[in-house]
1. So what J values fall out for segment 13-23 if you push phi through Karplus, 6.51 cos²θ - 1.76 cosθ + 1.60 with θ = phi - 60°, rounded to Hz, Gly and Pro as x?
2. Rounded to the nearest percent, how much of the accessible area of segment 84-138 (1.4 Å probe, protein heavy atoms only) is carbon and sulfur?
3. When only the heavy atoms of the protein chains count and the probe is 1.4 Å, how do Ile87, Ile33, Ile23 rank by accessible area, highest first?
4. FRET efficiency for Lys66 and Phe17, Cβ-Cβ distance as r, R0 = 45 Å, nearest 0.05?
5. With θ set to phi - 60°, apply the Karplus curve 6.51 cos²θ - 1.76 cosθ + 1.60 along segment 51-68 and write out the HN-Hα couplings as whole Hz, x wherever there is a Gly or Pro.
6. How many nm separate the modelled label positions at Gln28 and Leu10, each set 7 Å beyond the Cα in the direction of the Cβ?
7. Just the number please: accessible area per residue for segment 1-153, 1.4 Å probe, all protein chains included, in Å².
8. Have a look at Lys135, Lys122, Lys149 and tell me which one the Gaussian network model of the chain (Cα, springs below 10 Å) gives the largest fluctuation.
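The values are calculated or read from the model by the stated rules, or taken from the named source; none is laboratory data. All figures in this text were calculated on a predicted structure; none of them were measured in a lab. Here the Cβ is made from the backbone with ideal geometry for all residues, glycine too, and neighbour counts use every protein chain on show. Surface areas here come from the heavy atoms of the whole protein model, side chains and all, with no ligands, DNA or RNA. Shrake-Rupley method; radii C 1.70, N 1.55, O 1.52, S 1.80 Å.
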Amino acid sequence: MVELEFAQALEVPNQKFSCTFNIPLDVQTDVFIPHIVLGNANVNLTYFVDYDSNLHLNGNVRVPCKFVCDRCGSTFEKNLFLELNEIVSPKMSEEDELSYDMPVVALDEIVSSFVLINFPSKVLCNENCKGLCSKCGTNLNDSECECSKIKIGKNNPFADLLNSEKLGGKK
Ligand SMILES: [Zn+2]
Ligand SMILES: [Zn+2]
């Protein structure tokens, strides 16, 4: 369990504190499928408590992942970067979900649910990924297939025009 103890921050409102955490994520969930989380989340966190005793968490979260491209199905390793901004208020009632009653919060739970909620639903190996040919399944990033090439028969009345255009206007 990774906890953030912030009694000191509670005593000096608005003063910022920084720290770094390595947080194991709960990866036993469908949200990550077909992607794989390769290691702990690395969190660079800045936090402070405001004059209303709300705890502000601001951090950069880095999660090493093995992704499956949504378009071409290839796998690739990449860090997922997320910007975490959460406010944890003092507990007023039992219904308050993200709240505290002691000056300590379960950072692993906060970060795990944050990553789950913000995990990208579509990931591309490259923003210009060409994907797979819908006819023959060729990965168009690796090679070209014949499917997309227009076949111009000799009997096509526009054959001359199409062929000349293809050759750069030569006749
Ligand atoms: Zn791709
Ligand atoms: Zn094809």
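1. Calculated HN-Hα couplings, in order: x, 6, 7, 8, 10, 10, 7, 10, 10, 10, 10 Hz.
2. Here carbon and sulfur together make up 48 percent of the probe-accessible area.
3. Sorted descending by solvent-accessible area, the residues read Ile33, Ile87, Ile23.
4. 0.85
5. 5, 9, 6, 7, 8, 9, 10, 10, x, 9, 10, 10, 10, x, 9, 10, 9, 10
6. My value for the distance between the label points is 3.2 nm.
7. 63
8. Evaluated over the chain, the most mobile residue of the options is Lys149.
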